[in-house]
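First the structure, in the form of structure tokens, and then the observations on it.
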Amino acid sequence: MLKTRKLADETRKLADETRKLADETRKLADETRKFADGSKGTAMNERNASHIEALVKDQNSWRETCLNLIASENVTSRRVRGLMGSDFAHRYAEGHPGERYYQGTEIIDEIESLLKQQMKGLFRCRHTDVRPISGTIANDAVFSRYIRPGDVVMVNSTPGGGHISHHRAGSVGKYTKNIVNFPLTADGWHIDVEHTLDLMKALEPRVVIMGKSLFLFPEPVKEIAPYCKKKGIHLIYDAAHVLGLIAGHQFQDPLAEGAPLVTASTHKTFFGSQRGVILSNLDDDEWRKIDKGAFPGSSSNHHLETLVALTFATYEMMEFGEEYARQIVANAKHFARKLFDLGFKVPAEQFGFTESHQVAIDMSDFGGGASAALTLKDNRIIANMNLLPHEPLDRVTNPAGIRLGVQEMTRVGMKEPEMERIAELFKRCLMEKKFVGDEVAEFRAKFQEIGYSFDGRR
């Protein structure tokens, strides 16, 4: 009997040990599965990250085979690109050079001071703020100082070429809903000065904003500025599209013509990088308002790596800007004329089609701007749809027009003969409905170097 109980006890102990061993085995299996799952996850994440690298390579190689005619884009030189991704990509520098809220900013202080100095010289102005990180941020830094709830603000309408930041859906709309469009001349491409002055007398606007997104011709700054000065109206000129043309003395100089404030982005007809700038001839006391609008009003850290790149690009603009801007305007005029001669509806013939980098085309015969832009993209020609003057706003998703810009293709070395070739490609693609994508890629392959730059000088 004793032996039987002993055997039973030993059996129970053995069973307990077996259960413990089974539990340990299950735990080990669970840990193994977790480790395996983690390894799979890690491998998958790394594969996904590598996919991003592959997509960037695809973008780079694809765009080098395209005719890039977006009017708001440009390419930076290779030496400018080489400055991005430096240690400055990791750093902060709030405030002004020599007055920072962080230590360790001595080198960026020197670079930023040089940029401000060169911008003042290039645009012949008293003040500049280079801290806005985009043209729209530059706009908001200024608008926030001057526009109060209920104020009347006069702007270019969307069909008239105005930028979204000037409208109810954009920056101005954050401060007031009383936004009045400039009346246009019958042709639609110019502000009607007489009617505008009559409206200003009747409405007493606090702010007037000139400059456009579809920007073929200069604005009537000389005609409007004296009245603004007399009545204390704040005149702001948005030069985002034409900054490089102004620097190159091939477009109106709004500061010299009487606009106290100019805002701009730095990467359309200017040489990059993608940032914003404010230029002014205001007196020191009035400028302090704008200074506070830039910091802390609309930015904290101001993205130092692109500021460094902009500084280098500004020296390129000082060296090559006039020659570059002259060729841009010549190319745009020649391109527009050739398109017109081939049968496209290129407006504003009576004014020489354009005085900037832009060309507009009425694509009503090809299904509208959206359809035409898509067809062009499928043939490696990149453009964007755009409302034309006098079109209703409800056509914004398929307007009649497309907007083209020649500044990027000019920078890679294209001149008037190449503009003719591009116009012929438009004809074959849109009128003759032929696929020209391979021909575009072959043509574009001959233009891979970035001109008007310091590339290759080392």
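Computed from the coordinates by the stated procedures, all read-outs in this text should not be read as laboratory data. Everything numeric in this text was worked out from a predicted model, so none of it was measured. Note that we place each Cβ from the backbone using ideal geometry, even for glycine, and neighbour counts take in every protein chain shown.
Which longest uninterrupted range of the chain lacks any GluC sites (Glu not before Pro) assigned by DSSP to a loop state (not H, G, I, E or B) and surrounded by at most 10 other Cβ atoms within 10 Å?
Details: sites that count: 99, 432.
Free of exposed loop sites, the longest segment is 100-431.
I'd like the antiparallel share, as a percent to the nearest 5, of DSSP beta bridges with both residues in region 78-314.
Details: 9 of 21 bridges.
About 45 percent, rounded to the nearest 5.
Rounded to the nearest 500, the 222 nm mean residue ellipticity of the chain from helices alone is -15000 deg cm²/dmol, with -39,500 (n - 2.57) taken per DSSP H run of at least 4 residues. Placing a pseudo-label 7 Å from each Cα along the Cα-to-Cβ vector at residue 350 and residue 17 gives an inter-label distance of 10.7 nm. The charge dipole of the chain, taken about the Cα centre with unit charges on the Cβ atoms of Lys, Arg (+1) and Asp, Glu (-1), comes to about 1500 debye, rounded to the nearest 20. Once both axes come from the Cα atoms, what is the angle between helix 304-341 and the longest principal axis of the chain, in degrees from 0 to 90, rounded to 10? Result, in degrees: 60.
Taking +1 at the Cβ of each Lys and Arg and -1 at the Cβ of each Asp and Glu, which of 191, 213, 354 sits farthest along the dipole of the chain towards its positive end, judged by Cα position relative to the Cα centre? Ranked along the dipole, the leading option is 213.
Could you size up the charge dipole of region 321-444 around its Cα centre, putting +1 on the beta carbon of Lys and Arg and -1 on that of Asp and Glu, and report it in debye to the nearest 20?
Working: 17 positive and 19 negative charges, 26 e Å.
The dipole of region 321-444 has a size of about 120 debye.
Of the labelled figures (i) 24.9; (ii) 23.4; (iii) 22.6, only one reflects Kirkwood radius over Cα pairs in Å as derived from the coordinates, namely (i). Computed from backbone phi with θ = phi - 60° and the Karplus coefficients 6.51, -1.76 and 1.60, the 3J(HN,Hα) list for region 189-205 is 9, 9, 5, 7, 5, 4, 5, 5, 5, 4, 5, 4, 5, 7, 9, 6, x Hz; x is used for glycine and proline. Region 262-294 and region 54-110 have Cα centres lying 18 Å from one another. Using a ≥ b ≥ c from the Cα gyration tensor of region 321-444 (square roots of the eigenvalues), is it rounded, prolate or oblate, where a/c under 1.5 gives rounded and otherwise the larger of a/b and b/c decides, a/b for prolate? In terms of gyration-tensor shape, oblate. By the beta-carbon count within 10 Å of each Cβ, the least crowded to most crowded order of 236, 52, fewest first, is 52, 236.
Dimensions of region 233-294 along the principal axes, based on C-alpha atoms and rounded to the nearest Å, stand at 31, 25, 16, largest first.
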